[in-house]
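What follows is a set of notes on a single structure, which appears directly below.
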Amino acid sequence: LVKFMNLFLANGRICDHEADMMFSSLDLAPSDPVFGFVEAFARDPRPDKINLMAGVYCDEDLVFRRFQTVSRASKELVEAGEMANYLPIDGLKAFYEGIGRIALGRHFEADRFAIAQALGGTGALRLGANLIVRWGQSRIIAIPDITWPNHPLLFRQAGLQIVSYPFLDPSTGMFSFRMMQNALSSLPKGAFVLLQACCQNPTGMDPSDEEWNWIADWFQERGFFPFFDFAYQGLGEGLSRDNKALLCCVQRNIPSLIAYSCSKNFSLYAERTGALLVFGEDRDSIQKILSQVKQDIRTLYSNPPVHGASIVAYILKNPDFTLAWQQELQAVCARLVKSRTHLVEALSLKNIACPGVVEQKGMFAYFHLSSEKVEALRKEKGIYLLGKGRVNLAGINRHNVERIAEAMASFMGGAK
Ligand code: PMP
């Protein structure tokens, strides 16, 4: 027995030692910049705390509510006995072709795009990044220096080399094509450039129509490829205007990647519903691109989940549902615009000017605050913003706007 115990303990030690070798050298990864603060908010005991962080839509009562069209479609699908079998590797065709039609309107030609359903916009970005790493002419991606914090992490994790370009001109607070050009002029042919197609997160500042044309012309001239992150279609100037950046490139036959998210514009956050669309230079390349994306999917998660995609397909198949969804999306947009106006007005009554904030588009208002001020707002006032003063407009209503403005003003040089 003693001999057996000794052997057992020795083996135990060997295992422990091996375990040490395996994981003890790991660094603790930093908590996610968005979800980390969402957890801190949940732990904050103050009853009057205000959440202006994660990009999730809430109604005027600050209650998360999914679109009624989406709830109805979901219910009808379940009642009808929704398909429970595996989806094909590239997902539900009715879904992803429907997304192609919304994203590109009448410019969508199914045989010019390799499309695959993805796990939300994030999943689509990662599939696109993996495609570039394996098949891109260059492994460089240029990303704006102010962007969604997950972009640099995601592209680096995929193995891409990241360079950054200034997104806003500090003297005007607006997008600057000239500064982008200066920063990227030494990039090699074949480099990818990340652009948010509309409602830039976090700044809400999008290039103008004219600037999108300049960007597309310049990319064509230099042999750069756009990687569009399209997470907010319909939350800016409307479904048929928010895609203008894509059209500028597709009409010039510039190969492009598009990561589409249905999280915000269909309120399908938890269902992880999105798509990667790849516009190839010719019809021949499409099958090859798709085969590579499918191989990637097969080895990552085999095939995507069905429910969110079925909901979108159901809504798009039925014209009454489509119309009702579009109306709900417009109402969401109108509430965001109203919240933006109310906040800016409340601040201006306290002598705080917010140049450019009214012109910003989408779910967020961006205030260019220092990290210290954002932290002080959180600690002293219980008001949670992200980054350098990104406010989720859906967290504002007529009851809290005054308190938010008062608190912000106290850190912005206005009334105490
Ligand atoms: N891109 C941007 C700019 C985003 O803001 C988000 C979501 N906040 C995403 C991508 C990811 O979208 P999803 O939640 O569908 O993965």
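Values quoted throughout were computed directly from the atomic coordinates according to the rules given, and no laboratory measurement underlies them. Please read all numbers here as calculations on a predicted model, not as lab measurements. Cβ placement follows ideal geometry from the backbone for every residue including glycine, while neighbour counts extend to all protein chains displayed.
Build a GNM of the chain with springs between Cα atoms under 10 Å: which of Ser263, Ser348, Ser25 gets the top mean-square fluctuation? It is Ser25. A simple packing score, the average count of other Cβ atoms within 10 Å per residue, orders the peptides 56-66, 156-166, 109-119, 271-281 as 271-281, 109-119, 156-166, 56-66, with the highest score first. Take every DSSP beta bridge with both residues inside segment 145-280 and express the antiparallel ones as a percent of the total, to the nearest 5. Taking every DSSP beta bridge with both residues in segment 145-280, the antiparallel ones total about 45 percent. With each label point set 7 Å from Cα along the Cα-Cβ vector, what nm distance links Glu359 and Glu82? Each label point is offset 7 Å from its Cα along the Cβ direction, giving 4.3 nm. Rounded if a/c is under 1.5, else prolate if a/b is larger than b/c, else oblate: which is segment 157-220, with a ≥ b ≥ c the root eigenvalues of its Cα gyration tensor? The shape class here is prolate.
Peptides 395-405, 72-82 ranked from most to least packed give 395-405, 72-82, packing being the mean of other C-beta atoms within 10 angstrom over each peptide's residues. If only the Cβ of Lys and Arg carry +1 and only the Cβ of Asp and Glu carry -1, the dipole of the chain around its Cα centre is close to 300 debye. Here the peptides 99-108, 303-312 are ranked by packing, the mean other Cβ count within 10 Å, and the order with the highest first is 303-312, 99-108. For segment 286-416, the convex hull drawn through the C-alpha positions has a volume of 193 cubic angstrom per residue. The lysines within cross-link reach of Lys317, meaning a Cα-to-Cα straight distance under 17 Å and a gap of 8 or more places when in the same chain, are Lys75, Lys93. Extending 7 Å from Cα along the Cβ direction at Ser25 and again at Glu375 yields two label points whose distance is 3.3 nm. Kirkwood analysis of the Cα pair distances in segment 225-268 returns a hydrodynamic radius of 11.0 Å. Show log10 I(q)/I(0) for the chain at q = 0.08, 0.13 Å⁻¹, two decimals, from a solvent-free Debye sum over equal Cα scatterers. Debye intensities relative to I(0), on a log10 scale: -0.48, -1.16.
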